[in-house]
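Engineer: Let me begin by handing over the structure; questions about it come next.
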Amino acid sequence: MRKINLVIPLFFMFTPLAFAESNDLGIVYWKQEIVSSNSFAQIYVIDDDMNKKEYPNFADKFMIEVWSDTSPNGLEIEVIENGVFSGIFKGSVYVANSGETSKNRLASNEGDMLYAKYIDKTTPNGDNIEIISAAVVKIPGHDMNEILESIDPSFRKNIPSQNHISDWIKSNAGWWADGAISDGEFVSGIQHLIKEGIVTIPPTTVSSQSSGEPIPDWIKSNAGWWADGAISDGEFVSGIQHLIKEGIISPSLDNESNPTSSVNVKNIKPELTKLYQDLEKCSEISTAYKKIDCQKPIKKSITLYEYKTEGEKFSVGPITYYWKGFNSEGNEFSTTSTGQTILSIRILAENTSSEIVTINCTSPQICAYDVSNGEKEFKYSGMDFTSGQITMNPNDSREFNMLFGPNIGYGGTKFEYDSSKEYFFRINEDFGNTSIPLNLQE
């Protein structure tokens with residue numbers, strides 16, 4: 001795998017193109033520029049040329065390279081289109097501060113630079129152009145701004161501004177106007193635009209009541225005209241503002257970063273109205289840490305509500321677990337180009353008792369959570385339990401992630417998939433146990 005010195009001569013080719021007016025060159029970026037050790041980091045590639053549309057009922061996928069200062073040889077990970085026609089591809093890598101780099105696990109020390117490389121092979125002149133994005137592994141208690149500023153600006157999280165919205169979303173708008181994709185698929189693309197900062201929706205007063213109305217025909221006409229270049233970006237954004245104002249498209253929340261205006265095709269539930277109103281008030285606080293303190297419990301309440309309304313419930317003693325299944329973020333099942341099966345699980349645990357409860361996982365061998373197919377037990381390859389446990393006060397809730405794949409040692413196992421067997425995510429705590437059917441399918 002080639003290192004960064006081969007990329008430097010390409011700066012002059014891709015820098016003015018990738019983040020300016022060219023719509024032919026792809027974009028790659030880390031979702032978060034600062035990544036914590038022993039956690040999953042998400043990487044996005046945006047390139048409508050890779051939306052092959054050869055199989056209209058399936059999302060496309062391909063491989064990109066990732067590496068770190070500690071692991072310069074790095075590895076390849078798969079990025080998968082987040083919708084059948086979106087042209088937006090997402091992958092994840094587990095950033096570990098111990099063990100070796102293998103499969104979906106990237107060994108990295110605190111302060112390391114992390115790199116992701118996408119090779120765009122669909123440029124008009126037929127050249128293969130390497131596009132790089134960088135992030136950094138967090139050093140606890142350290143001001144990371146100095147390290148971020150040392151990253152070459154070409155590698156920073158630069159996304160097209162509202163004045164230069166990429167053609168990959170305009171293509172979606174055209175398909176939507178022609179009836180080739182559904183309202184939900186189109187709105188998912190708009191949701192990503194706003195959530196990732198690609199498009200900025202000016203402050204919009206949101207109706208406190210959902211209208212319950214379908215998206216008006218004139219909005220769809222606007223989308224078609226915008227795709228054809230007949231109206232401006234600003235006129236198109238005004239239409240999105242109208243949908244938010246009327247409650248047809250509802251404000252949502254990015255649970256992993258500061259709240260932003262985003263959209264959800266579902267109408268906002270009355271139970272969430274006050275939470276969103278309170279969250280809006282938090283954004284008016286000028287002091288950063290006070291704003292975060294205000295937002296944190298509200299974001300947690302919204303996350304819990306979403307799990308309760310969208311996920312399956314499993315009660316185990318004082319803890320209730322919720323799982324949304326494989327159509328939700330953080331839950332993935334795939335096979336790499338080398339044949340290694342990767343299983344990612346994201347679950348929320350809620351303490352419904354009146355006592356402080358701790359859930360435990362200190363190592364692959366000593367962990368209350370694993371996967372079984374009835375014949376074999378599979379231990380994790382990565383998890384995000386802090387110091388091997390998560391302590392929850394009464395009424396507290398926490399998300400946690402577990403990755404099953406390569407054998408990292410410490411009593412671990414390699415995850416293997418057999419289509420003839422049923423797989424279960426097992427919980428075996430001192431306070432109780434249960435098995436969650438995974439219904440894995442290739």
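The values are calculated or read from the model by the stated rules, or taken from the named source; none is laboratory data. Everything quoted here is computed from the prediction, not taken from an experiment. As a convention, Cβ positions derive from the backbone with ideal geometry for all residues, glycine included, and neighbour counts pool all protein chains shown.
Engineer: Return the residues of the range 414-437 that are in a loop (DSSP other than H, G, I, E, B) and of a type outside the set (Ser, Thr, Tyr); say none if nothing qualifies.
Structural biologist: Residues of the range 414-437 in a loop (DSSP other than H, G, I, E, B): 414-423, 430-431.
Scanning the range 414-437 gives Lys414, Phe415, Glu416, Asp418, Lys421, Glu422, Asp430, Phe431.
Engineer: Conditions first: (1) surrounded by fewer than 19 Cβ atoms within 10 Å (Cβ to Cβ); (2) part of a loop (DSSP other than H, G, I, E, B); (3) in contact (Cβ under 8 Å) with a residue 60 or more places away in the chain. Gly411 passes all but one, so which condition is the exception?
Structural biologist: Gly411 satisfies all of (1) surrounded by fewer than 19 Cβ atoms within 10 Å (Cβ to Cβ); (2) part of a loop (DSSP other than H, G, I, E, B); (3) in contact (Cβ under 8 Å) with a residue 60 or more places away in the chain except (3).
Engineer: I've got another one for you. When you scan the range 403-426, how many residues do you find that are closer than 13 Å to Glu375 by Cα and among the hydrophobic types (A, V, I, L, M, F, W, C)?
Structural biologist: 2
Engineer: Follow-up question, since we're still on this one. Among the residues of the range 5-20, is any outside the structural domain of Thr338 (by TED's automatic domain parsing), at pLDDT 65 or above and β-branched (Val, Ile, Thr)?
Structural biologist: No; the residues of the range 5-20 include none that is outside the structural domain of Thr338 (by TED's automatic domain parsing), at pLDDT 65 or above and β-branched (Val, Ile, Thr).
Engineer: Residues to consider are Gly382, Gly412, Gly388; find the one that is over 26 Å from the mean Cα position of the chain (by Cα), modelled with pLDDT under 90, under 20 Å from Gly99 (Cβ atoms) and not hydrophobic (A, V, I, L, M, F, W, C). Give the steps one after another, and end with the answer.
Structural biologist: On the way: Gly382 fails: over 26 Å from the mean Cα position of the chain (by Cα); Gly388 fails: over 26 Å from the mean Cα position of the chain (by Cα).
Answer to the selection: Gly412.
Engineer: Yes or no: the range 112-131 includes at least one residue that is part of a strand (DSSP E or B) and without any contact (Cβ under 8 Å) to a residue 60 or more places away in the chain. Let's see the steps before the verdict.
Structural biologist: Here is the first cut: in the range 112-131, the residues part of a strand (DSSP E or B) are 113-120, 129-131.
Subset that is without any contact (Cβ under 8 Å) to a residue 60 or more places away in the chain: 113, 119.
Yes - at least one qualifying residue is present in the range 112-131.
Engineer: Filter the range 46-69 for residues that are in contact with a strand residue (DSSP E or B) (Cβ under 6 Å, 6 or more places away or on another chain), buried (at least 18 other Cβ atoms within 10 Å of the Cβ) and modelled with pLDDT of 90 or more and give the result.
Structural biologist: Taking the range 46-69 and keeping what is in contact with a strand residue (DSSP E or B) (Cβ under 6 Å, 6 or more places away or on another chain), we get 46, 59-61, 63-69.
Going one step further and asking which of them are buried (at least 18 other Cβ atoms within 10 Å of the Cβ), we end up with 46, 60, 64-68.
Hits for the range 46-69 are Ile64, Glu65, Val66, Trp67, Ser68.
Engineer: I'd like the full set of residues that are charged (D, E, K, R), outside any strand (DSSP E or B) and more than 21 Å from Thr413 (Cα to Cα), limited to the range 61-108. Outline the logic, then answer.
Structural biologist: We begin by selecting, within the range 61-108, every residue charged (D, E, K, R); these are 61, 65, 69, 76, 78, 81, 90, 100, 103, 105.
In the following step, the residues that additionally are outside any strand (DSSP E or B) were identified as 69, 100, 103.
Matches in the range 61-108: Asp69 only.
Engineer: For the range 415-442, name all the residues that are surrounded by fewer than 16 Cβ atoms within 10 Å (Cβ to Cβ) and over 25 Å from Thr358 (Cβ atoms).
Structural biologist: Glu416, Asp418, Ser419, Ser420, Lys421, Glu422, Pro437, Asn439, Gln441, Glu442, listed by residue number.
Engineer: Go through the residues of the range 353-372 one by one and say whether even a single one is in contact with a Leu (Cβ under 8 Å, 6 or more places away or on another chain), more than 28 Å from Ile302 (Cβ to Cβ) and in a loop (DSSP other than H, G, I, E, B).
Structural biologist: Residues of the range 353-372 in contact with a Leu (Cβ under 8 Å, 6 or more places away or on another chain): 371.
Checking which are more than 28 Å from Ile302 (Cβ to Cβ) leaves us with 371.
From what's left, in a loop (DSSP other than H, G, I, E, B): none.
No, the range 353-372 contains no residue that is in contact with a Leu (Cβ under 8 Å, 6 or more places away or on another chain), more than 28 Å from Ile302 (Cβ to Cβ) and in a loop (DSSP other than H, G, I, E, B).
Engineer: Is it the case that some residue within the range 267-279 is closer than 30 Å to Leu440 by Cβ, assigned to a helix (DSSP H, G or I) and at pLDDT 75 or above?
Structural biologist: Of all residues in the range 267-279, those closer than 30 Å to Leu440 by Cβ come to none.
Looking for residues that are closer than 30 Å to Leu440 by Cβ, assigned to a helix (DSSP H, G or I) and at pLDDT 75 or above, one finds none in the range 267-279, hence no.
Engineer: So, one more: Which ones in the range 387-408 are outside any loop (DSSP other than H, G, I, E, B), surrounded by 12 or more Cβ atoms within 10 Å (Cβ to Cβ) and among the polar types (S, T, N, Q)?
Structural biologist: Step one: filter the range 387-408 for residues outside any loop (DSSP other than H, G, I, E, B), giving 387-392, 397-404.
This time we only want the ones that are surrounded by 12 or more Cβ atoms within 10 Å (Cβ to Cβ), so: 388-392, 397-404.
Across the range 387-408, the qualifying residues are Gln389, Thr391, Ser397, Asn401.
Engineer: Assess whether Thr303 counts as being within 30 Å of Glu78 (Cα to Cα) and not assigned by TED's automatic domain parsing to the domain that holds Ile427.
Structural biologist: yes
Engineer: Shifting gears a bit: Does the range 23-45 hold any residues that are touching a helix residue (DSSP H, G or I) at 6+ places or on another chain (Cβ under 8 Å) and either at pLDDT below 85 or assigned to a loop (DSSP other than H, G, I, E, B) (or both), and which are they?
Structural biologist: Within the range 23-45, the first condition is being touching a helix residue (DSSP H, G or I) at 6+ places or on another chain (Cβ under 8 Å), and the residues that meet it are 23-27, 33-34.
Selection gives Asn23, Asp24, Leu25, Gly26, Glu33.
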